[in-house]
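Peer 1: Supplied in C-alpha cells, the structure appears directly below.
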Amino acid sequence: MTLTFHIRPANVDDVDAMLKLVQDLATYENEPESARATPALFRENIFEKKYAHTLLAFDGRPEAPGVALGMALYFFNFSTWTGKPGLFLEDLYVSPDARNKGIGKALFAELGKVAQEKGCARLDWSVLKWNTPSIAFYEKKLEAKAMEEWMGMRLEEQGIENLQKLAVRAA
C-alpha cells in the first residue's frame, strides 16, 4: 500500500508538530531528556530570527494535510575553501510507521533543491555510529561519503561561557 504524503516548509503554526517529531527523534536516539526545546524557543529562533529552516512531510494531500510524518531541520554555513555556502542538515526524522515509504528520499530531494537554489557547494550532516540503517541508506541510496578524517567537536553552554576566560584583557 502506498502512502500519500506531501512536503512543505514549516510555518509557525507547525511548532507543536515539529516538537513532537524532535521528541520522537530524541527517544529513538535514547536521549529523550536531551530534547529541551520549547515552543517559545522554536518560534523565536526558527521563525523570528530564522536561524534554521524546517521541511515537514505530512500524510495526505496539501489541501487536506494530516499528521506530520517527518521533518528535515537545516541551516546554512559557509566554506572558506569553496567560497560558497553550505547546507547543514541538523536533523532528519521519519516516524517509524512511515519509514520505507519514500519520505526520507523525498526530504533529501527537497534539501537538494534548496541547496541548488542557494548555490551551496556542500550538504553535510552527522549520523550516530550505531545507526546502521541510516548509514546504509546514506551510503547506498544517496551515495554519501563518510568523513573519515574529521571528528565532530562541541562546546555546550558552559563551555561557551568558559571561552570568556580566554579573552585578552586590554591594559
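Listed here are the residues, each with its yes/no results for (1) among the β-branched types (Val, Ile, Thr); (2) closer than 22 Å to ALA57 by Cβ.
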| site | (1), (2) |
| --- | --- |
| GLY104 | no, yes |
| LEU111 | no, yes |
| GLN116 | no, yes |
| LEU123 | no, yes |
| ILE135 | yes, yes |
| ALA144 | no, yes |
| VAL168 | yes, no |
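Peer 1: Please enumerate the residues belonging to the stretch 29-56 that are more than 26 Å from LYS129 (Cβ to Cβ) and either among the aliphatic types (A, V, I, L, M) or at pLDDT below 95 (or both).
Peer 2: ALA40, LEU41, ILE46, LEU56
Peer 1: Would it be correct to say that GLN116 is among the polar types (S, T, N, Q), over 20 Å from PHE42 (Cβ atoms) and modelled with pLDDT of 95 or more?
Peer 2: It is true that GLN116 is among the polar types (S, T, N, Q), over 20 Å from PHE42 (Cβ atoms) and modelled with pLDDT of 95 or more.
Peer 1: Let me ask something else. Among residues belonging to the stretch 86-103 that are within 17 Å of TYR138 (Cα to Cα) and aliphatic (A, V, I, L, M), point out the one that is most open to solvent (accessible area, probe 1.4 Å).
Peer 2: Quick first cut of the stretch 86-103, residues within 17 Å of TYR138 (Cα to Cα) only: 87-94, 99-103.
Checking the rest, the ones that are also aliphatic (A, V, I, L, M) come to 87, 89, 92, 94, 103.
Working: LEU87: 0, LEU89: 5, LEU92: 40, VAL94: 14, ILE103: 1 Å².
Taking the candidates together, the pick is LEU92.
Peer 1: Taking interchain pairs and intrachain pairs at least six residues apart, which have beta carbon atoms under 9 angstrom, with the first residue in the stretch 118-144 and closer than 24 Å to LYS84 by Cβ and the second part of a helix (DSSP H, G or I) and open to solvent by 90 Å² or more (accessible area, probe 1.4 Å)?
Peer 2: Correct list of pairs: LEU142/LYS105.
Peer 1: Here is a follow-up. Report the residue count in the stretch 14-42 for those that are farther than 20 Å from GLU156 by Cβ, free of Cβ contacts under 8 Å to residues at least 24 places away in the same chain and acidic (Asp, Glu).
Peer 2: Residues flagged as farther than 20 Å from GLU156 by Cβ, free of Cβ contacts under 8 Å to residues at least 24 places away in the same chain and acidic (Asp, Glu) within the stretch 14-42 amount to 1.
Peer 1: Within the stretch 84-100, is even one residue more than 14 Å from the chain's Cα centre (by Cα), modelled with pLDDT under 95 and charged (D, E, K, R)?
Peer 2: So far as the stretch 84-100 goes, yes, one or more of its residues are more than 14 Å from the chain's Cα centre (by Cα), modelled with pLDDT under 95 and charged (D, E, K, R).
Peer 1: Look at ALA26 and say whether it is exposed (fewer than 14 other Cβ atoms within 10 Å of the Cβ), closer than 21 Å to PRO133 by Cα and hydrophobic (A, V, I, L, M, F, W, C).
Peer 2: No.
Peer 1: Determine which single condition LEU3 fails, assuming it passes every other condition in (1) in contact with a Lys or Arg (Cβ under 6 Å, 6 or more places away or on another chain); (2) closer than 21 Å to SER126 by Cα.
Peer 2: Answer for LEU3: the failing condition is (2).
Peer 1: Still on this model: Can you name the residue in the stretch 118-146 that is farther than 23 Å from PHE78 by Cα and charged (D, E, K, R) and, of all such residues, is least open to solvent (accessible area, probe 1.4 Å)?
Peer 2: GLU139
Peer 1: Output yes when any residue across the stretch 62-78 is open to solvent by 50 Å² or more (accessible area, probe 1.4 Å), closer than 21 Å to ARG36 by Cα and at pLDDT 90 or above, and no when none is.
Peer 2: Taking every residue of the stretch 62-78 in turn, at least one turns out to be open to solvent by 50 Å² or more (accessible area, probe 1.4 Å), closer than 21 Å to ARG36 by Cα and at pLDDT 90 or above.
Peer 1: Then there is this: Right, PHE47: in a helix (DSSP H, G or I), among the aromatic types (Phe, Trp, Tyr), crowded, with 18+ Cβ neighbours inside 10 Å and under 14 Å from the mean Cα position of the chain (by Cα) or not?
Peer 2: no
Peer 1: Checking the condition more than 23 Å from ALA37 (Cβ to Cβ) and surrounded by fewer than 19 Cβ atoms within 10 Å (Cβ to Cβ), which residue from ALA52, ALA115, ALA106 passes?
Peer 2: ALA106
Peer 1: Need the failing condition index for ASP59 against (1) in contact with a helix residue (DSSP H, G or I) (Cβ under 9 Å, 6 or more places away or on another chain); (2) at pLDDT 95 or above; (3) of a type in the set (Asp, Glu); (4) surrounded by 11 or more Cβ atoms within 10 Å (Cβ to Cβ), just the number.
Peer 2: Result: ASP59 passes all but (2).
The values are calculated or read from the model by the stated rules, or taken from the named source; none is laboratory data. Here the structure is a predicted model, which is why all the values come from computation and not from measurement. Neighbour counts run over all protein chains shown; Cβ positions are idealised from the backbone, glycine included. Only protein heavy atoms, including side chains, enter the accessible area calculation; ligands, DNA and RNA are left aside. Shrake-Rupley method; radii C 1.70, N 1.55, O 1.52, S 1.80 Å.
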